[in-house]
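Only one structure is covered here, and it is reproduced in the block below.
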Amino acid sequence: MVRYRVRGGNVLRGTAFIQGAKNAVLPMIGAALLASEGRTVLRNVPAIEDVRRATELAEAIGAKVQFHESERTLVIDASRLTSPVLPAEIARRFRGSVLFVPALLHRLGEAVIEGVGGCNLGSRNLDFHYNGYKRLGAIVNEEERVIHIKAAGLTGAPLYLDTPSHTGTENLVMAAALASGTTVIENAALEPEVLDVIHMLTRMGARIRGAGTGFVTVEGVNELTAVEHTVMPDRLDAGVFMMAAALTGGSVNLVGGSLEYLGVARWKLEQMGVVFEDEGAVLQVSRAGPIRPINVITDTYPGFATDLQSPLMTLACLAGGTSYIHERIFDGRFALAGELNKMGANIEVTENRAVVHGPVKLRGTRVTAHDLRSGIALVLAGLAAEGETTIDTGYLIDRGHADLAPRMQALGADVEREISPSE
Ligand SMILES: CC(=O)N[C@H]1[C@@H](OP(=O)(O)OP(=O)(O)OC[C@H]2O[C@@H](n3ccc(=O)[nH]c3=O)[C@H](O)[C@@H]2O)O[C@H](CO)[C@@H](O)[C@@H]1O
Ligand SMILES: C=C(OP(=O)(O)O)C(=O)O
């Protein structure tokens, strides 16, 4: 079992390199599987557990994949896919497994989903995905524990999403890209990662209009070509390093930490006292004065990202006053509050609203990451706490943050990653 150990009190200074985006690279691996010839090269790929699982899953269905981790480069040869089955033991470990379905439908005519993983955040349905496939002509059998989807050729159709689902949009765009005829997807997601995936698909030969408008039109083509593509920077990884600088009162330079994709999170952090200075392509982050309390409502992009809500809760514990957080995307994303309260925080949760009373003095203790973002939020809490914080289920942090300990150490933080002796 992986565990993180953090000794608090150090002020962070120096340079951090922001990784490539987890939520862009996973659909890009799914997109690479649509190309029936040649090799796809993805650059700026983060060495995270989710990418390792995606590599294993792609191999399980017959693709040849090489992950050159030190070069942050993934090479995918999907010329022969051999199995429509997404095996449970891999697929259950990450949400991105669901992004392999369009390639299986187009290449093999069926997909068998033995399980889908991802962060445990309450209900996480896939009905928008399945309804979309059905409208494109697929038959979806959801009656068993194992889901079977069959498609003898997909045909373009008008589609909609009840809410602008991130992976839902990516999946329906990929399904429509090789369908015959035209598909219009109404209420499509606007997240920058979705746009980066559409950019890659367009370079592969897909005909997609309207990305970033909420109405995406896809004219189906007969084939897609393997391309080389550089994954955009991870705005969630950047947000964490911004908050690490702010809560320790330090100053860090973020390489790849552009403000361009932060949406409302940028303005909320500024209201809390975070100062940004763009120096060409490097972003300097520091704090002016004490941390101020904040009101945050999570929303789809450009609203405040739900994935930054947990780290923000840690920052709010240190603010001089009461902060209010309203979580609108996931119904089970407040397990963090109980863990922070063990460290001395004063957080009250009622359904999907949290009231964070600050400032408190956090004390290091043993805590548990319930999901990826609560895990990284506990690392941040550890940086600000007196004494040592031990965070179990470190695998969840490694799902989405590459080389966290060395990157934090380079800034002067006392963060260690260890494998627990019990295994
Ligand atoms: C791999 C990946 O990209 N993960 C991201 C993606 O997850 P993911 O794509 O799973 O999140 P969605 O945008 O689909 O989910 C948003 C909301 O819609 C609901 N919903 C979604 C699909 C569906 O078919 N039916 C349904 O009811 C979900 O339960 C949730 O309440 O977007 C989330 C919201 O920005 C992020 O937190 C995740 O980091
Ligand atoms: C919810 C998250 O990821 P996933 O959708 O991969 O579980 C996340 O990145 O916080």
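A few remarks follow.
- Every condition in (1) more than 16 Å from ligand 2 (Cβ to nearest atom); (2) open to solvent by less than 40 Å² (accessible area, probe 1.4 Å); (3) touching a Leu at 6+ places or on another chain (Cβ under 6 Å) holds for ALA176 except the one numbered (3).
- Residues in region 281-308 that are farther than 19 Å from GLY257 by Cβ and in contact with a Lys or Arg (Cβ under 7 Å, 6 or more places away or on another chain) were compared, and the one that is farthest from ligand 2 (Cβ to nearest atom) is ILE294.
- The sole residue among ARG5, ARG13, ARG53 that is of a type outside the set (Gly, Ala, Ser), open to solvent by 10 Å² or more (accessible area, probe 1.4 Å), within 16 Å of ligand 2 (Cβ to nearest atom) and more than 23 Å from LEU178 (Cα to Cα) is ARG53.
- GLU223 vs. criteria of a type in the set (D, E, K, R), farther than 30 Å from THR314 by Cα and either open to solvent by 30 Å² or more (accessible area, probe 1.4 Å) or part of a strand (DSSP E or B) (or both): yes
- Within region 180-202, the presence of a residue that is of a type in the set (A, V, I, L, M), surrounded by 18 or more Cβ atoms within 10 Å (Cβ to Cβ) and over 24 Å from the mean Cα position of the chain (by Cα) is excluded.
- Considering residues of region 10-34 that are touching a Gly at 6+ places or on another chain (Cβ under 9 Å) and more than 16 Å from ligand 1 (Cβ to nearest atom) only, the residue nearest to ALA226 (Cα to Cα): ILE18
- Scanning region 290-332 for residues that are acidic (Asp, Glu) and open to solvent by 50 Å² or more (accessible area, probe 1.4 Å) gives ASP299, ASP331.
- Total residues in region 56-88, condition in a loop (DSSP other than H, G, I, E, B) and either closer than 27 Å to GLY122 by Cα or within 16 Å of ligand 2 (Cβ to nearest atom) (or both): 1
- Taking region 126-165 as the range and being open to solvent by less than 70 Å² (accessible area, probe 1.4 Å), more than 16 Å from ligand 2 (Cβ to nearest atom) and either of a type in the set (Gly, Ala, Ser) or part of a strand (DSSP E or B) (or both) as the test, the residues that pass are GLY132, GLY137, ALA138, VAL140, ASN141, ILE147, ILE149, ALA151, GLY153, GLY156, ALA157, LEU159.
- On the stretch given as region 89-125, residues that are open to solvent by 20 Å² or more (accessible area, probe 1.4 Å), more than 9 Å from ligand 2 (Cβ to nearest atom) and not basic (Lys, Arg) total 11.
- Members of region 104-121 that are modelled with pLDDT of 95 or more and either within 16 Å of ligand 1 (Cβ to nearest atom) or over 29 Å from GLY220 (Cβ atoms) (or both): ALA111
The values are calculated or read from the model by the stated rules, or taken from the named source; none is laboratory data. Everything numeric in this text was worked out from a predicted model, so none of it was measured. Here the Cβ is made from the backbone with ideal geometry for all residues, glycine too, and neighbour counts use every protein chain on show. Heads up: the accessible areas ignore ligands, DNA and RNA and are worked out on the full protein's heavy atoms, side chains in. Shrake-Rupley method; radii C 1.70, N 1.55, O 1.52, S 1.80 Å.
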